[in-house]
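Single-structure report; data block below.
The values are calculated or read from the model by the stated rules, or taken from the named source; none is laboratory data. This is a predicted model, so every value here is computed, not measured. So basically every Cβ, Gly included, is an ideal-geometry build from the backbone, and we count neighbours across all protein chains shown.
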Amino acid sequence: MNTPTRSSPAASGATDRGMDLSAATQPSLATTAGAICLYGFFLLLPLTYALQVLTGRAEVAILTYALLTLGIAQTLWANFNRDSIRLPHQSSSVQWLPLAFTFILVHHLISVASATIAGDIDLPVRGMLLFTVPLLLFWVVQVMRPTRLKMLLVLLAAGGLIVAVEMIYENFSARILLRPTAFQILNHAYATARNSSEMTQLLGIAYRPPGLLEHLHAVTIFAALAAYAHAVLYCLEGRWYWLLGMAVCASGLLLHGVRLPVAAAAVAFTLIACVFAWREKDRIIRRRGLAVLAVMVALVLIQLFVDPLGTSRDYYWTALRHGDFQVPNQTGLQLVHQEARTLYTQSEWGKLFLGQSSDLQGALLGHGIIGWMQGASGSSDDLFALALLAQYGILGAAVFFGLLATTIYHAVAGLLRTRDMDAMSRALLYFSAGTLVILALSIAHSGVLQRKAIYPFFPLAAGLAWRFSRPSTAPGL
């Protein structure tokens, strides 16, 4: 990776054509305040649910997302006010990405507005703060300095470390001490009160503990993203504590026994490792990459063959040897077939294909984000890819999946393209590619993408892919 000099055409052209402000202007007070608010949001994100449990009040999340809203508003307003936001890509092949994000944004806004008109207050507020405002991160990424974007990775890595350590402690307590932790007891009381039903699985020592976030899939995907962020930061800076942090986050993920996040992380690490080995030219960074690979392979071997907490015996080996995914009274394939059939026959898009009476608008555009939050017909947390068809409809789902596939393509293609790019930009593009792959694979089964602790990373990673995948938007520092 050869960093272009200040006088090189690549560096100067990036400033002229892109949306980066680092070489053009000094940061204003508003952009600095906006960055601080965004830092606060990503710092509190992995702790928000724990604060809800400890205080017994779900409204705590509003404070966290108020920071996000304020940070986005200040950052975009300051840059619009200076007339600095402009389309960075001259190629029409990727111009549709911001248009696709605009479509998703408008889709959510219409769903929120419809629920508000119907007289609801709570769901529209939650839908706006949790799943609509975060989409604006796609545009915020375009105007933030790369050094500030790197700080978001640092905060993810730090938050993931907290989540992973707590995961390891909960698993040790459940599997070795055979008792729930103090936080599990509080979480059980909070969730039971919120759902008006006994949430016994949150305390059961025979079940995988839920962790600090609102769902065990959210906990494990967060740990996977954090492990990947640690790996990227280690390759960028070479500091030992990033490698140690990656090992801790990966250990928490492996010890938990939730297979889909492990598989998604394995695919992402393998894909990026292949790209890294093929195109990375810097010998120092290549050695760091080999260290990351060695640590990850060692952790997997220890988990499978040493199995310190018995996780592999209960979850990994049963699936690898016998295809047993612990689904009561049926196989995993039978569950998928049954769930797919149910979603197909109950959703408006399925009824349309079956020639039955259906709501054409619902079939084409879905029931929206509020419908998903209400658990409308066609919603599912076991086969989320098909549930997205009910949420966005046939047209909306085509836009969503096209957007996801295109951002992954451009992130990976940007890494494969032979050109000069500074180390910071390349690291951010590595993070984008791996994060998008993990999130894309997660929707095959779980609806973890639309968990509030995970959702902001989708527009963040997509924005990074759009910005840094083209030569004109990879500025030198």
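One residue is enough: does segment 243-254 have a residue meeting the conditions farther than 30 Å from K150 by Cα, out of contact with any His (no Cβ under 9 Å at 6 or more places or on another chain) and crowded, with 20+ Cβ neighbours inside 10 Å? No, because not a single residue in segment 243-254 is farther than 30 Å from K150 by Cα, out of contact with any His (no Cβ under 9 Å at 6 or more places or on another chain) and crowded, with 20+ Cβ neighbours inside 10 Å. Taken as a whole, the structure places L156 among residues that are modelled with pLDDT of 90 or more and under 18 Å from V448 (Cα atoms).
Reported count of residues in segment 188-208, each being within 16 Å of A174 (Cα to Cα) and modelled with pLDDT of 85 or more, is 1. Can you pull out the residues in segment 393-422 that are in a helix (DSSP H, G or I) and in contact with a Ser or Thr (Cβ under 7 Å, 6 or more places away or on another chain)? Once the filter is applied, which keeps residues that are in a helix (DSSP H, G or I) and in contact with a Ser or Thr (Cβ under 7 Å, 6 or more places away or on another chain), segment 393-422 yields H410, A411, A413, G414. Looking only at segment 167-190, residues that are among the basic types (K, R) and touching a residue at least 60 places away in the same chain (Cβ under 8 Å) come to 1 in all. Restricting Q52, Q74 to those that are under 21 Å from F222 (Cβ atoms), at pLDDT 70 or above and under 26 Å from the mean Cα position of the chain (by Cα) reduces the list to Q52. Determine if segment 320-337 includes at least one residue that is at negative phi, modelled with pLDDT of 75 or more and either more than 22 Å from the chain's Cα centre (by Cα) or surrounded by fewer than 20 Cβ atoms within 10 Å (Cβ to Cβ) (or both). Yes. The single condition among (1) under 30 Å from S312 (Cβ atoms); (2) surrounded by fewer than 20 Cβ atoms within 10 Å (Cβ to Cβ); (3) of a type in the set (G, A, S); (4) touching a residue at least 12 places away in the same chain (Cβ under 8 Å) that A193 does not satisfy is (1). Restricting L213, L233 to residues that are hydrophobic (A, V, I, L, M, F, W, C) and either in a helix (DSSP H, G or I) or under 30 Å from I285 (Cα atoms) (or both) narrows the list to L233. For the condition in a helix (DSSP H, G or I) and of a type in the set (F, W, Y), Y207 does not qualify.
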